[in-house]
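**Q** My structure is below; once you've seen it, I'll send some questions.
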Amino acid sequence: MKNYKKELTFNTPARLAFINITTDVKQALSESGIKEGLCLVNAMHITASVFINDDESGLHSDFEKWLEKLAPHLPVSQYAHNAGEDNGDAHLKRQVMGREVVVAVSDGKLDFGPWEQIFYGEFDGRRDKRVLIKIIGE
Ligand code: ZN
């Protein structure tokens, strides 16, 4: 069995951002040479997510509004976590949007359903944060 590992780094200018990383993951799969297997993609920080959904700007705006209703950033004093920091909301947003995705690799390609794309979700940006790609198979 072959395995391949790669890290991506993001530093978003805004606190919250969604970035389509599908091309980066396809590039990693191409570098791996793996044709049949599994591809794991996970955020390496507890205030960021990796998730699969549609690359549609209205949906991303809806995600942002929905997450802000569930866990508003302000006032920061509403979160017990915010003793000495201000990212309590970002931990909750990450929990809702998930840590990782696993995509089947078939015939050398990411075996997506219709419209599926992979996104990095940032909820406490403005610093370097990493995403891990691990691909195993033959
Ligand atoms: Zn924190």
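**Q** Excluding ligands and nucleic acids, what accessible area in Å² is computed for residue 52 using a 1.4 Å probe, to the nearest 10?
**A** Roughly 50 Å² of residue 52 is accessible to a 1.4 Å probe.
**Q** Among residues other than residue 115 whose Cβ falls under 10 Å from its Cβ, what is the net charge (Lys/Arg +1, Asp/Glu -1)?
**A** In short, -4.
**Q** A follow-up question, please. Could you tell me which residue out of 19, 52, 79 lies farthest along the dipole of the chain toward its positive end? Charges go on the beta carbon: Lys and Arg +1, Asp and Glu -1, centred on the Cα centre.
**A** Ranked along the dipole, the leading option is 79.
**Q** Can I ask one more? Roll a 1.4 Å probe over the protein heavy atoms and report the accessible area of residue 44 in Å², nearest 10.
**A** Here the accessible area works out near 70 Å².
**Q** Sticking with this structure for a sec: If ligands, DNA and RNA are left out, what is the accessible area of residue 8 with a 1.4 Å probe, given in Å² to the nearest 10?
**A** Rounded to the nearest 10, that gives 20 Å².
**Q** How many nm is it between the label spots at residue 66 and residue 78, if each spot is 7 Å from the Cα in line with the beta carbon?
**A** Distance between the two pseudo-spin positions: 1.9 nm.
**Q** Can you sort 131, 76 by solvent-accessible area, 1.4 Å probe, largest first?
**A** 76, 131
**Q** Also, I was wondering about something else. Just by accessible area at a 1.4 angstrom probe, what is the order of 106, 49 from largest to smallest?
**A** 106, 49
**Q** Another question about this same structure. Given the -39500 (n - 2.57) contribution per DSSP H run of 4+ residues, what per-residue ellipticity at 222 nm results for the chain, rounded to the nearest 500 deg cm²/dmol?
**A** -8000 deg cm²/dmol
**Q** Sort 54, 111, 89 from largest to smallest accessible area, using a 1.4 Å probe on the heavy atoms of the protein chains.
**A** Descending order: 111, 54, 89.
The values are calculated or read from the model by the stated rules, or taken from the named source; none is laboratory data. What you see is a predicted model, and the numbers here were worked out from it, not measured in a lab. With ideal geometry, Cβ positions are generated from the backbone for all residues, glycine too; neighbour counts draw on all protein chains shown. The accessibility values were calculated without ligands, DNA or RNA, using every heavy atom of the protein model including side chains. Shrake-Rupley method; radii C 1.70, N 1.55, O 1.52, S 1.80 Å.
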